[in-house]
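The values are calculated or read from the model by the stated rules, or taken from the named source; none is laboratory data. Everything quoted here is computed from the prediction, not taken from an experiment. Please note: Cβ atoms are built from the backbone with ideal geometry, for glycine as well, and neighbour counts cover all protein chains shown. Just the protein is used for accessible areas: all its heavy atoms, side chains included, with ligands, DNA and RNA removed. Shrake-Rupley method; radii C 1.70, N 1.55, O 1.52, S 1.80 Å.
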Amino acid sequence: MSVMNMIQALNSAHDVMMARDDNVVVLGEDVGYFGGVFRVTEGLQKKYGRARTFDAPISEGGIVAAAIGMAAYGLRPVAEIQFADYIYPGFDQIVSEAGRMRYRTAGEWYLPMVIRTPYGGGIFGGQTHSQSPEALFAHVAGLKTVIPSNPYDAKGLLIAAIEDDDPVLFFEPKRIYNGPFDGFFDRPVTPWAKHPKAEVPDDYYTVPLGKAAVVREGADLTVLAYGTMVHVALATAEANGIDAEVIDLRTIVPVDIETIEQSVRKTGRCVVVHEATRTGGFGAELAALVQERCFYHLEAPVQRATGFDTPYPHSLEWAYFPGPIRLGTAMQKALED
Amino acid sequence: MTKQPERPNRPVLSLHVPEPSARPGDEVDFSHVAIPPAGSVPRPDPHAPAAETHPLATTLVRVLDDAGRAVGPWDPKLDADTLRRMLRDMMLVRVYDDRMYRAQRQGKTSFYMKSTGEEAVAVAAAHALDRDDMCFPTYRQQGLLVARDYPLVEMMCQIYSNRRDKLKGRQLPVMYSDRAHGFFSISGNLATQVPQAVGWAMASAIKGDSRIAAAWIGDGSTAEGDFHAACTFAGVYRAPAVINVVNNQWAISSFSGIAGGELTTFAARAVGYGIAGLRVDGNDALAVYAATRWAADRARANHGPTLIEMFTYRVEGHSTSDDPSVYRPKEAGAKWPLGDPVERLRLHLVALGEWDEARHEQLAAEIADEVRTAQREAEKHGTLVSSTIDFPQDVRTMFDDVYAELPWHLREQQAQMVAELEAKRK
Ligand SMILES: Cc1ncc(C[n+]2csc(CCOP(=O)(O)OP(=O)(O)O)c2C)c(N)n1
Ligand SMILES: [Mg+2]
């Protein structure tokens, strides 16, 4: 056991898997000697050599395509896209190729590959270092989409993703790389060291894909969250004295429908929260699932607390971010009626 | 993974991963950089077939020699006033960069990017282009704005995302835009602007206009598909465009070899597309001017695009978020053999008898004063405020300009946000 922040935990996941399986290779912009702009791959090139951790040309389409080719050969590539905002040049390769390879070849070819990328705002990154594009990928058949919210899960989920035989999009909430964030921007940041989920085994373990975690039990209302918003949801429930059950989805595709149903049947009320823009966001899918499956248990309409349908503004970041007030308001609304 | 049959007689493959000549702790090594003497490269006629330029794609167009003399066929023979103006612009960019970098360090804004050592690439090009030619820059061509007399205060207000920022605080600092100064909006997404520049140039041709477009892109970013789309479209339609690859030899921590710079030059990309290509000493303001003017003349005469590699060096870190001493020797920037563009142009003016130390000092003092005054003025309109309640802009403007008109759902969200802020204030 060691105390790790998310970066260290993710680094450890790479390390463990590269040691166990020499088919695991790491590529991406600046991931080699430097160890990545967020330092997630630090030390891997030194330890495993340049042929297993290397800098890629600035071509996200090339990075994804090369990873597909490597996976087709039989490697397990882990590709880093420097910011989720820069994944779009690789979109065609992800959507039309990675997502469909198993299907279009009736299983003859399959792609055990992971695309990791930091996402989300809260760092004054402006519109090209703040986006949350997970719904674009959740919408695509054949891709799994994973979003951890703490160091323990980050490591276990990344290992599971690397071992998975299908392409996995792995979105890392950069706002909480170094410490959990409650959404109260004005308060001092607490480092991960104080958090129980920062206790991370040094060796191999997995957190299964497709399994949510109930991170706070409660009777009055269910909050469905992932990534940074898990912490915002916990803090908001606390601040408003709401007996909320907070579910950290961890994987959004395939989503853990059982845990969701169980909770909503119990509480009868549901709020969905994400940082991404609202229209067509993953919250819409969650709300649809909940009303399809739990309609007769619902006491009130499902509420959404989300980012606004604008590009992420630089100076107005903290008016944009779906913080405790937006989420608190949605919770209150779900508790009415 | 299935085991492959053994083929003992075949050599074992291995992956080549390029490495720069020196890492931290190593002696700086620029011995691989071939530098032909100034004035030694021929200058084809701007109307010549593209192929005639191709030998120039693997050498280096240089005008200023070590003694500061302008030599050879590429000497643009500029008058002293233009030279002094270019010197002033480059010096100003450097001082401006230093002040804004420091402002970021003082917490007045979130981010900054300097262009130290690369000032000539933007400034000299701006002087060689016509004022109404359209520029599609990256984040390292602030020199274009300075050379086109865009007010410093406006630039700083963008850096501060403050009340007077014409972009309403929406963009990351340095992502300027100003239509009136022929400066297209900078995108954070690399390489996107280059095919857009080509499209603008095609439009100019469609309309029988006489204006041309110029684009800039970093060495690292040439790996993006968009760069190749730009070269293809530019070649196919003979678009009146100048495509500048600013090869400062680094892309954050990745040296230019990761973009293919080990194999050939960036200018040599022109050969494959059949367009004109020039490789230019980017720290030589006269060479930059001359090459840009050559390409502009060519484009204006309907002979199509030119790809120019501006060979230079990124002397400082990538941005305020970067510490280059982690991946390259500390002294690398200072040892770049093609020197400093400001110093080289100064030396040239001195050699011409058009400049001296006293005038240089006076100019430096004037510039320092100008930048300081502008900064004081800009800061009157606020700096980036890190607050959840007080914002530099009217928060309602967040929803403007998503579309020409505000649709119902944005109107609702706007009202929601205003209510949230009222709640926060309580
Ligand atoms: C599509 C895209 N991918 C990645 C990035 C992240 N990024 C920002 S600048 C940069 C390096 C660019 O290097 P280069 O093109 O050489 O320009 P320079 O910074 O040297 O001027 C990278 C990788 C980005 N902004 N956009
Ligand atoms: Mg570069």
* **Spacing of the two label points (7 Å from each Cα toward its C-beta) at residue B:264 and residue B:13, in nm** => 2.3
* To do: Based on alpha-carbon positions alone, could you give the equivalent ellipsoid semi-axes of the stretch A:1-106 from the gyration tensor, as √(5λ), descending, whole Å?
  => 24, 16, 13
* Chain pair B, A: total accessible area buried, heavy atoms, 1.4 Å probe, Å² -> 4100
* Asked: Considering protein heavy atoms only and a 1.4 Å probe radius, which residues within the stretch B:379-398 exhibit an accessible-area decrease of no less than 50 Å² in the full assembly relative to the chain by itself?
  -> B:388, B:391, B:398
* Out of B:391, B:255, B:184, any idea which swings most in a Gaussian network model of chain B, alpha carbons joined below 10 Å? -> B:391
* **If the convex hull is drawn through the Cα atoms of the stretch B:328-372, its volume per residue in Å³** => 102
* Could you tell me what percent of the DSSP beta bridges with both partners in the stretch B:191-343 are antiparallel, to the nearest 5? => 10
* To do: Can you work out the PRE-style zone for residue A:261? Point 7 Å along Cα to Cβ, and I want the residues of the stretch A:291-314 with backbone N under 18 Å.
  => A:291-299
* Given q = 0.08 Å⁻¹, what are the Debye log10 I(q)/I(0) values for chain A, with equal point scatterers placed on the Cα positions and solvent ignored? -> -0.35
* **Residue-normalised accessible area of the stretch B:45-96, expressed per residue, 1.4 Å probe, Å²** => 40
* Structure fact -> Across B:16, B:348, B:381, the residue with the highest GNM fluctuation in chain B (Cα network, 10 Å cutoff) is B:16
* To do: Report residue B:403's accessible area, 1.4 Å probe, all protein chains in place, as a number in Å² to the nearest 10.
  => 120
* Structure fact -> Computed on Cα atoms only, the convex hull of the protein assembly as shown has an orientation-averaged projected area in nm² of 35.0
* Asked: Among B:418, B:246, B:103, whose Cα sits farthest toward the positive end of the charge dipole of chain B (+1 at Cβ of Lys/Arg, -1 at Cβ of Asp/Glu, about the Cα centre)?
  -> B:418
* **Mean ellipticity per residue at 222 nm, deg cm²/dmol - from DSSP H runs of n ≥ 4 across chain A, formula -39500 (n - 2.57)** => -9500 deg cm²/dmol
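Can you say what percent of the DSSP beta bridges in chain B, counting only those with both residues inside, are antiparallel? Round to 5.
Of those bridges, close to 15 percent are antiparallel.
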* Add -39500 (n - 2.57) for each DSSP H run of 4 or more in chain B, then divide by its residues: what number comes out at 222 nm, to the nearest 500 deg cm²/dmol? -> -11500 deg cm²/dmol
* **Cross-link table A:155/A:197; B:380/B:426; A:174/B:166; A:144/A:266, entries beyond 18 Å C-alpha to C-alpha** => B:380/B:426; A:174/B:166; A:144/A:266
* Can you give the charge dipole size of chain A about its Cα centre, rounded to the nearest 20 debye, using +1 on the beta carbon of Lys and Arg and -1 on the beta carbon of Asp and Glu? -> 240
* Asked: Taking the Cα centre of chain B as the origin, how large is its charge dipole in debye, to the nearest 20, when only Lys and Arg (+1) and Asp and Glu (-1) carry charge on their Cβ atoms?
  -> 800
* Which Cα, out of A:279, A:234, A:219, lies furthest along the positive dipole direction of the stretch A:213-298 (beta carbon charges, K/R +1, D/E -1)? -> A:279
* Asked: Out of A:140, A:114, A:232, any idea which swings most in a Gaussian network model of chain A, alpha carbons joined below 10 Å?
  -> A:140
* Once you have the alpha carbon radius of gyration of chain B, what is it after dividing by 2.2 N^0.38 Å, with N set to its residue count? -> 1.06
* Asked: To the nearest 20 debye, what is the magnitude of the charge dipole of the protein assembly as shown about its Cα centre, counting +1 on the Cβ of each Lys and Arg and -1 on the Cβ of each Asp and Glu?
  -> 300
* Structure fact -> Heavy-atom accessible area of the stretch B:1-145 with neighbours in place, 1.4 angstrom probe: carbon+sulfur share in percent works out to 51
* Past 28 Å, Cα to Cα, is the threshold; run A:47/B:330; A:46/B:330; B:77/B:330 against it and keep the listed order. => B:77/B:330
* Bridge type composition, chain A - antiparallel percent by DSSP, nearest 5 -> 20
* Structure fact -> In nm, the gap between the two label points placed 7 Å beyond Cα toward Cβ at residue B:425 and residue B:405 is 3.1
* Asked: For B:263, B:64, what's the largest-to-smallest order of accessible area, 1.4 Å probe?
  -> B:263, B:64
* **Accessible area per residue, Å², chain A with all protein chains present, probe 1.4 Å** => 35
* Asked: Which value, in Å² and to the nearest 10, is the accessible area of residue B:166 when all protein chains are kept and the probe is 1.4 Å?
  -> 90
* Expressed as a whole percentage, what fraction of the accessible surface of chain A belongs to carbon and sulfur atoms when a 1.4 Å probe is rolled over the protein heavy atoms? -> 51
* Asked: With all protein chains present and a 1.4 Å probe, how do B:29, A:30, B:149 order by accessible area, largest first?
  -> B:149, B:29, A:30
* In peptide A:302-315, how many Cβ atoms from other protein chains are near each Cβ within 10 Å, on average? -> 6
